Amino acid sequence: MKHVISRIMLAFKLPAFRWLWLGSNFGFMSMMASDLTLGWLVLELTDSPFWVGVVAAGRGVAQVLFSLFAGVVLDRYDKRRVLLLVQVGNMLLPLGLGLLLLSGRVMLWHLLLAGVVQGGLTAVRAPAFNTMTYQLVGAQRILNASAALGLGFNLALVVGSAVTGVLVEQYGEASGLFFAAIAGTAGIVSILLVGGSFTAATRSEPLLQAAVAGVRYASGNQELLRLLLLSLFIETFGFSHHVMLPVIARDVLGLGAAGLGALSSARGIGAMLSNLGIAALGDYEHKGYLLVSTVVGAGFFLMLFGLSRWYELSLLLVFAAGAALAAYDATMKALVLLQAEDDWRGRVQSLYTLTFGFVSIGGFVAGTVATAVSVSFALVMNGGIILAFVGKNGRSLRQLGTPITATPQAAD
């Protein structure tokens, strides 16, 4: 047992990583609370799953567009300073939206604009955290560190979802947005305490030229291409289920905002326990096999979640889907980092983050299908697409796992 705990805590031996971990957690809690409140507010204003999907799509499109250049910025400027600016934006956005809501002037276009801004910030936030993590922990600890970050994300998801749901139900949507602003402030303080140098090498090529070079680099690496394509499918048809959670909660299960918070928390608890399991594996060799098995589990449980009509069963199934997706996420993150050379890691991470934008685009697709048929059919369809994709590509994905370069392990 002592040996297992030691493996789980491998990345936490580094003080700078501990502060980065806290900053990531609070930043994610802020983003998640803002996301959850925004989805509920759109549903209350419009009474339409379609508009929930449209707001999510705006966020996704912005994330895709900004991701093309986020990696260039990270490969050129100090990553910690860039991340601090993003964290400040993540704090100011819900604060401003909450004040607007209190004034009684909030309109649908405000929420659409907020989604777009949030997408742009996320495009920089995710690759900044990932590249800083790799720089701190090295290749041998990256699977453990990725799982540790995922554990923190999902701890923030559990606590933040429960708190946000109760606040919105008891005190209104503005309270959820102010909670997001408070969490964002804590994230800023944590990043300020991260030690180390994150200055990038100076590059003279124009921004667009550098971005195109990054695309060419990734397209010339077949392993990276397979991973990025898989990520696109899982983000579009797997993680996008959370966009429809307000619709599932209200229209299928007959729940209020607190019930929505409970569903989101159950997803987070499953993911958190899954991350503990991945962290305990240490430097696990068969990462490709791990990746494929988690994708199969995600598709299967999402289909069952879409079919459920009972609250308790839905809690169990969204717990299982969250666990499978979290294990996939930690493994995928490690594999993408391992398949890129140091000078290109920021741009490769920006391409990886670009696929995150398809969560929101997938939410728009699910919202359209939910409006035309039903939200249950949309989730069953998504799970089936995931299983079909991994059935076709599973053999080549199972072979992945060897780093393209050997980056020295960080010192304790």
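Annotations for the structure displayed:
- Descending Cα extents along the principal axes, the chain, whole Å: 53, 46, 44
- Principal-axis tilt of helix 142-171 within the chain, Cα atoms, nearest 10 degrees: 20 degrees
- Once the Kirkwood radius over Cα pairs is known for the range 24-176, the Stokes-Einstein relation at 37 °C and 0.692 mPa s delivers a diffusion coefficient of 200 µm²/s.
- Sorted from greatest to least, the principal axis extents spanned by the alpha carbons of the range 321-381 come out as 47, 23, 12 Å.
- Bridging of K79 to aspartates and glutamates at a Cα separation below 19 Å is possible for E205, E341, D342, D343, once same-chain residues fewer than 8 apart are set aside.
- Rounded tilt (10° steps) of 49-76 against the dominant C-alpha axis of the chain: 20 degrees
- Per residue, the convex hull volume that the Cα atoms of the range 76-156 enclose (Å³): 105 Å³
- Mean Cα-pair separation over length for the range 1-137, i.e. relative contact order, pairs under 8 Å, 6 or more apart, %: 40 percent
- Helix 173-192 vs. the chain, principal-axis angle (Cα, 0 to 90°, nearest 10): 10 degrees
- Each semi-axis of the equivalent ellipsoid for the range 142-261 is √(5λ) with λ an eigenvalue of the Cα gyration tensor; in descending order they amount to 36, 23, 14 Å.
- Legend: translational diffusion of the range 193-325 by Stokes-Einstein, Rh = Kirkwood radius over C-alpha pairs, 25 °C, 0.890 mPa s; D = 138 µm²/s.
- Our analysis of the range 232-291 gives Rg over Rh at 1.12, with the two radii drawn from alpha carbon positions and Rh computed by the Kirkwood formula.
- Charged-residue dipole, Cβ positions (Lys, Arg, Asp, Glu), the chain about Cα centre, Debye nearest 20: 620 debye
- Length added when fully stretched, F50-L225, from 0.36 nm per residue minus Cα-Cα: 59.8 nm
- Relative contact order (%) - the chain, alpha-carbon pairs under 8 angstrom, separation at least six: 31 percent
Read the figures in this text as sums done on the coordinates, not as results from a lab. Note that the structure is predicted; figures quoted are calculated from it, not measured. Neighbour counts are summed over all protein chains in view; Cβ atoms, including those assigned to glycine, are modelled from backbone coordinates with ideal geometry.
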